[in-house]
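For reference, the structure discussed in these notes is given below.
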Amino acid sequence: FKGMLGSEIGAVGVGHSDVLGALFEEQWDDGLAGNDPKHPWAHIIDRYQPYQGTAENTIADSLLIKDNVRFASSVTEPNQCYNISFIALTDDDNPEGILIKPNALIQFKIPAMTVNEIRPGYHWQYVTLEFNNGLEIQYSQPDQGIYGGANTVYYTFDPAFTIVDNIYSRFQIAGVPIPEPLHLTGITCMQQFNNSQGPVASDQHQYMEMDFIRVVGGKDG
(Lines give C-alpha, C1' and ligand atoms only; values in the text may rest on other atoms or scores of the structure.)
Protein backbone atom coordinates (compact mmCIF):
# COMPACT_ATOMS: atom_id res chain seq x y z
CA PHE A 1 0.00 0.00 0.00
CA LYS A 2 1.18 3.51 -0.79
CA GLY A 3 -0.85 6.64 -0.11
CA MET A 4 -2.49 8.58 2.72
CA LEU A 5 -2.23 6.79 6.06
CA GLY A 6 -3.65 8.92 8.85
CA SER A 7 -1.96 12.30 8.44
CA GLU A 8 1.06 10.88 6.66
CA ILE A 9 1.26 11.52 2.92
CA GLY A 10 2.98 8.90 0.76
CA ALA A 11 3.00 6.27 3.49
CA VAL A 12 4.06 2.76 2.49
CA GLY A 13 2.60 -0.37 4.03
CA VAL A 14 3.43 -4.00 3.30
CA GLY A 15 1.19 -6.91 4.20
CA HIS A 16 0.58 -10.56 3.31
CA SER A 17 -2.63 -12.50 2.93
CA ASP A 18 -3.15 -16.13 1.97
CA VAL A 19 -5.19 -16.60 -1.18
CA LEU A 20 -8.01 -18.99 -0.35
CA GLY A 21 -9.42 -21.28 -3.01
CA ALA A 22 -12.41 -23.60 -2.99
CA LEU A 23 -11.55 -27.10 -1.77
CA PHE A 24 -15.19 -28.15 -2.04
CA GLU A 25 -18.26 -26.28 -3.26
CA GLU A 26 -21.91 -27.09 -3.81
CA GLN A 27 -24.42 -24.51 -5.08
CA TRP A 28 -27.23 -26.85 -6.20
CA ASP A 29 -27.25 -25.72 -9.83
CA ASP A 30 -27.00 -29.25 -11.27
CA GLY A 31 -29.72 -31.23 -9.55
CA LEU A 32 -29.82 -33.54 -6.56
CA ALA A 33 -26.59 -35.37 -7.45
CA GLY A 34 -24.66 -32.10 -7.16
CA ASN A 35 -22.04 -30.47 -9.34
CA ASP A 36 -19.11 -32.89 -8.95
CA PRO A 37 -19.43 -36.19 -10.85
CA LYS A 38 -16.60 -37.70 -8.76
CA HIS A 39 -18.52 -37.04 -5.53
CA PRO A 40 -22.29 -37.35 -6.11
CA TRP A 41 -24.74 -36.70 -3.29
CA ALA A 42 -26.83 -39.64 -2.10
CA HIS A 43 -30.32 -39.11 -0.65
CA ILE A 44 -31.73 -41.79 1.66
CA ILE A 45 -35.36 -41.87 2.82
CA ASP A 46 -36.89 -44.45 5.16
CA ARG A 47 -40.34 -44.49 6.74
CA TYR A 48 -40.23 -48.06 8.15
CA GLN A 49 -43.93 -48.27 7.22
CA PRO A 50 -45.31 -46.65 4.06
CA TYR A 51 -48.23 -44.93 5.77
CA GLN A 52 -46.06 -43.41 8.52
CA GLY A 53 -45.17 -40.15 6.75
CA THR A 54 -43.59 -38.52 3.72
CA ALA A 55 -40.11 -37.28 2.83
CA GLU A 56 -38.83 -35.41 -0.17
CA ASN A 57 -35.66 -33.78 -1.51
CA THR A 58 -36.04 -31.23 -4.29
CA ILE A 59 -34.08 -28.44 -5.97
CA ALA A 60 -35.82 -25.08 -6.43
CA ASP A 61 -34.16 -21.75 -7.25
CA SER A 62 -30.73 -23.33 -6.61
CA LEU A 63 -31.77 -24.41 -3.11
CA LEU A 64 -31.72 -27.95 -1.74
CA ILE A 65 -35.09 -28.30 0.00
CA LYS A 66 -35.50 -31.17 2.47
CA ASP A 67 -38.90 -32.12 3.92
CA ASN A 68 -39.49 -34.83 6.50
CA VAL A 69 -43.01 -35.43 7.84
CA ARG A 70 -44.31 -38.02 10.29
CA PHE A 71 -48.08 -38.35 10.41
CA ALA A 72 -50.09 -38.19 13.60
CA SER A 73 -50.40 -41.63 15.19
CA SER A 74 -52.04 -43.23 18.21
CA VAL A 75 -49.44 -46.01 18.52
CA THR A 76 -47.23 -45.97 21.63
CA GLU A 77 -43.94 -45.98 19.70
CA PRO A 78 -44.39 -44.54 16.21
CA ASN A 79 -41.71 -45.60 13.80
CA GLN A 80 -38.61 -43.65 12.95
CA CYS A 81 -38.74 -41.45 9.87
CA TYR A 82 -35.58 -40.02 8.37
CA ASN A 83 -34.33 -38.10 5.37
CA ILE A 84 -30.55 -38.06 4.85
CA SER A 85 -28.44 -36.33 2.20
CA PHE A 86 -24.78 -37.40 2.19
CA ILE A 87 -21.66 -36.80 0.14
CA ALA A 88 -18.45 -38.85 0.49
CA LEU A 89 -15.34 -36.79 -0.29
CA THR A 90 -12.88 -39.66 -0.67
CA ASP A 91 -11.81 -41.01 -4.05
CA ASP A 92 -8.92 -42.87 -5.73
CA ASP A 93 -6.84 -39.69 -5.95
CA ASN A 94 -7.65 -38.61 -2.39
CA PRO A 95 -8.36 -41.79 -0.41
CA GLU A 96 -8.14 -39.92 2.89
CA GLY A 97 -10.47 -37.11 1.79
CA ILE A 98 -9.82 -33.38 1.44
CA LEU A 99 -6.73 -32.13 3.28
CA ILE A 100 -7.71 -29.42 5.77
CA LYS A 101 -5.07 -26.89 6.92
CA PRO A 102 -5.31 -24.35 9.77
CA ASN A 103 -6.61 -21.54 7.54
CA ALA A 104 -9.49 -23.62 6.09
CA LEU A 105 -12.99 -22.16 6.43
CA ILE A 106 -16.44 -23.70 6.13
CA GLN A 107 -18.89 -21.30 4.49
CA PHE A 108 -22.61 -21.99 4.13
CA LYS A 109 -26.02 -20.40 3.92
CA ILE A 110 -28.91 -22.43 5.34
CA PRO A 111 -31.89 -20.03 5.34
CA ALA A 112 -34.22 -22.50 7.09
CA MET A 113 -33.88 -25.40 9.54
CA THR A 114 -37.18 -25.74 11.37
CA VAL A 115 -39.40 -28.26 13.12
CA ASN A 116 -43.03 -27.54 14.01
CA GLU A 117 -42.85 -29.16 17.45
CA ILE A 118 -39.79 -29.20 19.72
CA ARG A 119 -39.40 -32.44 21.65
CA PRO A 120 -35.67 -32.59 22.55
CA GLY A 121 -34.15 -36.04 22.33
CA TYR A 122 -36.82 -37.41 20.00
CA HIS A 123 -35.97 -35.60 16.79
CA TRP A 124 -32.85 -34.06 15.28
CA GLN A 125 -31.92 -31.99 12.27
CA TYR A 126 -28.41 -30.80 11.46
CA VAL A 127 -25.51 -30.62 9.01
CA THR A 128 -22.25 -32.32 9.97
CA LEU A 129 -18.73 -32.14 8.60
CA GLU A 130 -17.03 -35.49 9.08
CA PHE A 131 -13.27 -35.92 9.47
CA ASN A 132 -10.72 -38.64 10.09
CA ASN A 133 -10.27 -39.98 13.64
CA GLY A 134 -14.05 -39.82 14.06
CA LEU A 135 -14.11 -36.03 14.46
CA GLU A 136 -17.27 -34.10 13.54
CA ILE A 137 -18.58 -30.54 13.54
CA GLN A 138 -22.36 -30.39 13.89
CA TYR A 139 -24.26 -27.26 12.79
CA SER A 140 -27.84 -27.06 14.02
CA GLN A 141 -30.58 -25.04 15.70
CA PRO A 142 -31.59 -24.93 19.39
CA ASP A 143 -32.92 -28.31 20.60
CA GLN A 144 -32.52 -29.90 17.14
CA GLY A 145 -29.04 -31.40 17.46
CA ILE A 146 -27.95 -34.73 18.89
CA TYR A 147 -25.03 -35.69 21.12
CA GLY A 148 -22.38 -37.29 18.92
CA GLY A 149 -19.79 -38.12 21.56
CA ALA A 150 -16.54 -36.57 22.76
CA ASN A 151 -15.19 -36.12 19.23
CA THR A 152 -18.14 -33.99 18.06
CA VAL A 153 -18.24 -30.21 18.47
CA TYR A 154 -21.39 -28.14 18.11
CA TYR A 155 -22.34 -24.78 16.66
CA THR A 156 -25.80 -23.19 16.73
CA PHE A 157 -25.99 -20.89 13.71
CA ASP A 158 -28.27 -18.01 12.75
CA PRO A 159 -30.18 -18.84 9.52
CA ALA A 160 -30.39 -15.13 8.65
CA PHE A 161 -26.65 -14.98 7.89
CA THR A 162 -24.02 -16.61 5.73
CA ILE A 163 -21.85 -18.57 8.17
CA VAL A 164 -18.05 -18.46 7.92
CA ASP A 165 -16.27 -20.68 10.45
CA ASN A 166 -12.61 -21.64 10.84
CA ILE A 167 -12.48 -25.43 11.12
CA TYR A 168 -9.34 -25.66 13.28
CA SER A 169 -10.59 -22.94 15.63
CA ARG A 170 -13.91 -24.71 16.10
CA PHE A 171 -12.12 -27.83 17.41
CA GLN A 172 -9.67 -25.77 19.48
CA ILE A 173 -12.46 -23.81 21.19
CA ALA A 174 -14.06 -27.12 22.21
CA GLY A 175 -10.74 -28.54 23.40
CA VAL A 176 -10.84 -31.43 20.92
CA PRO A 177 -7.37 -32.61 19.78
CA ILE A 178 -6.82 -32.21 16.03
CA PRO A 179 -5.03 -35.03 14.20
CA GLU A 180 -2.24 -34.21 11.79
CA PRO A 181 -3.04 -34.39 9.00
CA LEU A 182 -6.72 -33.49 9.20
CA HIS A 183 -8.96 -34.67 6.34
CA LEU A 184 -12.59 -33.91 5.54
CA THR A 185 -14.19 -37.22 4.55
CA GLY A 186 -17.87 -36.34 4.12
CA ILE A 187 -20.82 -34.06 4.76
CA THR A 188 -24.26 -35.16 6.00
CA CYS A 189 -27.59 -33.31 6.09
CA MET A 190 -29.82 -35.17 8.56
CA GLN A 191 -33.52 -35.05 9.40
CA GLN A 192 -34.95 -37.71 11.72
CA PHE A 193 -37.88 -38.38 14.03
CA ASN A 194 -37.01 -41.08 16.55
CA ASN A 195 -39.30 -43.69 18.06
CA SER A 196 -40.09 -44.41 21.76
CA GLN A 197 -41.67 -41.00 22.36
CA GLY A 198 -45.29 -41.89 22.93
CA PRO A 199 -48.27 -41.18 20.67
CA VAL A 200 -47.98 -38.36 18.15
CA ALA A 201 -51.04 -36.13 18.40
CA SER A 202 -50.39 -34.12 15.23
CA ASP A 203 -48.19 -34.28 12.13
CA GLN A 204 -44.53 -33.54 12.81
CA HIS A 205 -42.67 -31.61 10.13
CA GLN A 206 -38.95 -30.92 9.65
CA TYR A 207 -37.91 -28.48 6.92
CA MET A 208 -34.48 -27.42 5.67
CA GLU A 209 -33.21 -25.16 2.89
CA MET A 210 -29.55 -25.14 1.89
CA ASP A 211 -28.40 -22.37 -0.44
CA PHE A 212 -24.73 -23.35 -0.70
CA ILE A 213 -21.93 -24.99 1.22
CA ARG A 214 -18.21 -24.71 0.53
CA VAL A 215 -14.83 -25.30 2.13
CA VAL A 216 -12.02 -22.90 1.24
CA GLY A 217 -8.35 -22.97 2.15
CA GLY A 218 -4.90 -21.79 1.14
CA LYS A 219 -2.10 -23.96 -0.20
CA ASP A 220 0.30 -23.01 2.57
CA GLY A 221 -2.16 -23.27 5.45
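The values are calculated or read from the model by the stated rules, or taken from the named source; none is laboratory data. Values in this document were obtained by computation on a predicted structure and should not be read as measured data. Virtual Cβ from ideal backbone geometry, glycine too; neighbours counted across all protein chains shown. Accessible surface is based on the protein model in full, side chains and every heavy atom, while ligands, DNA and RNA are left aside. Shrake-Rupley method; radii C 1.70, N 1.55, O 1.52, S 1.80 Å.
Summary of computed values
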item: One residue from 100, 84, 106, 110 being within 20 Å of residue 155 (Cα to Cα), touching a Cys at 6+ places or on another chain (Cβ under 8 Å) and open to solvent by less than 40 Å² (accessible area, probe 1.4 Å); result: 84
item: Matching residues in region 170-193 - criterion: being open to solvent by 20 Å² or more (accessible area, probe 1.4 Å) and β-branched (Val, Ile, Thr); result: 173, 178, 185
item: Strands (runs of 3 or more DSSP E) enclosed by region 1-76 - at least 2 residues per element that are open to solvent by less than 70 Å² (accessible area, probe 1.4 Å), among the polar types (S, T, N, Q) and at pLDDT 90 or above; result: 53-60
item: Tally, over region 128-143, of residues that are under 13 Å from the mean Cα position of the chain (by Cα) and not β-branched (Val, Ile, Thr); result: 8
item: Residue match in region 158-166 (condition: surrounded by fewer than 17 Cβ atoms within 10 Å (Cβ to Cβ), over 12 Å from the mean Cα position of the chain (by Cα) and at positive phi); result: no
item: Subset tally (residues that are outside any strand (DSSP E or B), more than 30 Å from residue 179 (Cα to Cα) and in contact (Cβ under 8 Å) with a residue 24 or more places away in the chain) for region 96-120; result: 5
item: Leading residue by the ranking (farthest from residue 191 (Cα to Cα)) among those in region 113-123 that are open to solvent by 10 Å² or more (accessible area, probe 1.4 Å) and at pLDDT 95 or above; result: 116
item: Qualifying residue in region 144-151 (condition: over 27 Å from residue 42 (Cβ atoms), hydrophobic (A, V, I, L, M, F, W, C), in contact with a strand residue (DSSP E or B) (Cβ under 8 Å, 6 or more places away or on another chain) and surrounded by fewer than 19 Cβ atoms within 10 Å (Cβ to Cβ)); result: no
item: Criterion violated by residue 206 - all others in (1) closer than 30 Å to residue 92 by Cα; (2) buried (at least 19 other Cβ atoms within 10 Å of the Cβ) satisfied; result: (1)
item: Residue in region 194-201 that is of a type outside the set (Asp, Glu), touching a Phe, Trp or Tyr at 6+ places or on another chain (Cβ under 7 Å), open to solvent by 40 Å² or more (accessible area, probe 1.4 Å) and in contact (Cβ under 8 Å) with a residue 60 or more places away in the chain present; result: no
